[in-house]
Amino acid sequence: MTMFQTLQPQPADGLLTLIGLFRDDPRNSKIDLGVGTYRNAAGVTPVMEAIKSAERVLLEGQQTKAYLGPEGDQRFVELLMPIAFGTSGAHAGRLVGVQTPGGGGALRLGGELITAARPGAKVWLGMPTWPNHRPVLEAAGLTVVEYRYFDPDTQSLCFDDMLAALATAEAGDVVLLHGCCHNPTGAELEPAQWDAVAALIAERGLMPFIDLAYQGLGEGLEADAYGTRRVLACVEEALVAYSCDKNFGLYRERTGALFVLSRDEAAASVVYGNLLALARVNWSMPPDHGAAAVRTILESKELRRVWRAELEGMCRRINQVREALTAAHPRLGFLSRQRGMFSQLPITPAAVAALRNDHGIYMAGSGRINLAGLQIADAEIFVGALVAVGGLPA
Ligand code: PMP
């Protein structure tokens, strides 16, 4: 037997299969709510104007492609800090960050830092969650413990289950939290619930690991950072995986950062050294282009203004689609209370298949829909199809 003959076949990625099916569907009226990228009112995932402008600046002005270090573009990391953590400078000296290949790279690096510090650490995951959380964190060496975060039948947050789970977690256990725009459910913690979670994490000595992948796409940049800032204000140590791939529309450029809060400056410096060592053995250094474009935007008052206006427009459009669906059927009222690109309908696999086969409407097998994939003019058609396949919640 040769070496590779010992490998086991891997299951196909459901979303990639869906992309292929959608592409091959000849119906003009087909609707794609599966793929997880923002789409504008014309149905395209645009390169943002601010990014185009920044890319022109880079094309003309970039002097070298020489290597950076494993920390990536440090100016990019510094400029993100006030956006994610506010301008108070409260964590000065205790907060370090490195550029990573997307939010996914930040999750992996953060997981490996935890494993280096505490081999075999547990991580508490509220279910359902982004399907990559579990495999990435397990690959980094953590042991996953699940609890119920969301009840699809009532479309509500299981806050009592969440508190009960965290109350049984032990000091040093990691708690993974979606900073905003929960993927896949859109179910957000209210500010008062964030306060309670932050207090419980601090009281029990848990390690918060916040996944902030959609800042600005829920309520706005400031409101979407509430939970992250609140948790960091209450604890000595924390990790934040940040993605610029949605709020700067950079997806394939793999643009993100991992931030780590430590107890004091000396500990932060040791953490930083460990992050560099881990980055070096993973990807040596992150790809430059996306971070350089983000840095160019954040360094320019004018490009910053353009970016913020575009981001606000994206956020508005998502919330308008949510409102249109709620207006189209009272039993979809939950959609306008949820935030971000995703919600997860309480729909059977048979109804998901019927939507695809009979109506040309594509969504993930889990019932997750990307609201940005819907044109407002199609809201009534979509709701009519949901009714026809028995896909509305009771
Ligand atoms: N976290 C969540 C919750 C996500 O939805 C995603 C992207 N789908 C990521 C992290 C990773 O983002 P990136 O593409 O920047 O790796």
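Kirkwood radius for the stretch 266-320, taken over all pairs of different Cα atoms as the inverse mean of 1/r, rounds to 14.2 Å. What's the angle, to the nearest 10 degrees (0 to 90), between helix 301-328's Cα axis and the longest principal axis of the chain? The answer is roughly 30 degrees.
For the chain, with the dipole built from +1 on Lys and Arg beta-carbon atoms and -1 on Asp and Glu ones, taken about the Cα centre, which of Ser262, Ala198, Ser243 lies farthest toward the positive end? Going by the Cα projections, it comes out as Ser243. Using equal-weight Cα scatterers in the Debye expression, the normalised intensity of the chain in log10 at q = 0.11, 0.13 Å⁻¹ is -0.82, -1.14. Each of Ala42 and Ala139 was given a label point 7 Å from its Cα along the Cα-to-Cβ line. The distance between the two points is 3.6 nm.
Multiply the residue separation of Arg316 and Ala66 by 0.36 nm, subtract the distance between their alpha-carbon atoms, and state the gained length in nm to one decimal.
On the way: separation 250, 0.36 × 250 = 90.00 nm, distance 3.99 nm.
Going from the current span to full extension adds 86.0 nm.
Ellipticity at 222 nm from helices only: DSSP H runs of n ≥ 4 in the chain, each -39500 (n - 2.57), divided by the residue count, give -14000 deg cm²/dmol. Between helix 379-388 and the chain there is an angle of about 70 degrees, using the helix long axis and the longest principal axis of the Cα atoms.
What residues of the stretch 235-251 lie in the reach of a label at Leu59, counting those whose backbone N is under 18 Å from a point 7 Å from the Cα along Cα→Cβ? 250, by backbone N distance to the label point. Here's the list of lysines a cross-link from Lys246 could span, going by alpha-carbon distance under 28 Å and ignoring same-chain residues fewer than 8 apart: Lys30, Lys52, Lys65, Lys301.
Spin-label pair Arg230-Leu15: with each label point 7 Å from Cα along the Cα-Cβ axis, the two points sit 2.7 nm from one another.
Of all DSSP beta bridges confined to the chain, the antiparallel ones make up roughly 50%. Anyone know which of Gly290, Gly69, Gly36 comes out most mobile in the 10 Å Cα GNM of the chain? Result for the chain, Cα springs under 10 Å: Gly69 fluctuates most.
Summing Cβ point charges (Lys, Arg +1; Asp, Glu -1) relative to the Cα centre of the stretch 67-299 gives a dipole of roughly 620 debye.
Can you quote the Å³ per residue value for the convex hull of the Cα atoms in the stretch 67-299, rounded to an integer? It would help to have the intermediate numbers written out before the result.
Details: hull volume 26.4 nm³, N = 233.
Normalising the Cα hull of the stretch 67-299 by residue number yields 113 Å³.
Each residue of the stretch 175-183 was assigned a 3J(HN,Hα) from its phi angle through the Karplus expression (A = 6.51, B = -1.76, C = 1.60, θ = phi - 60°), giving 10, 7, 10, 7, x, 6, 6, 3, 10 Hz with x at Gly and Pro. Centre-to-centre separation between the Cα atoms of the stretch 329-394 and those of the stretch 118-148: 28 Å. Using a simple spin-label model with pseudo-atoms 7 Å out from Cα toward Cβ, Leu7 and Arg305 lie 5.3 nm apart. Full extension of the chain between Glu323 and His289 yields a length gain of 8.6 nm, computed as 0.36 nm times the residue separation minus the alpha carbon distance. Rounded to the nearest 10 degrees, the angle from helix 14-24 to the longest Cα principal axis of the chain is 50 degrees.
A short reminder: the numbers here are calculations on the coordinates, not readings from a lab. Source: prediction; values computed, not measured. For neighbour counting, all protein chains shown are included, and Cβ atoms are generated from backbone atoms with ideal geometry for every residue, glycine included.
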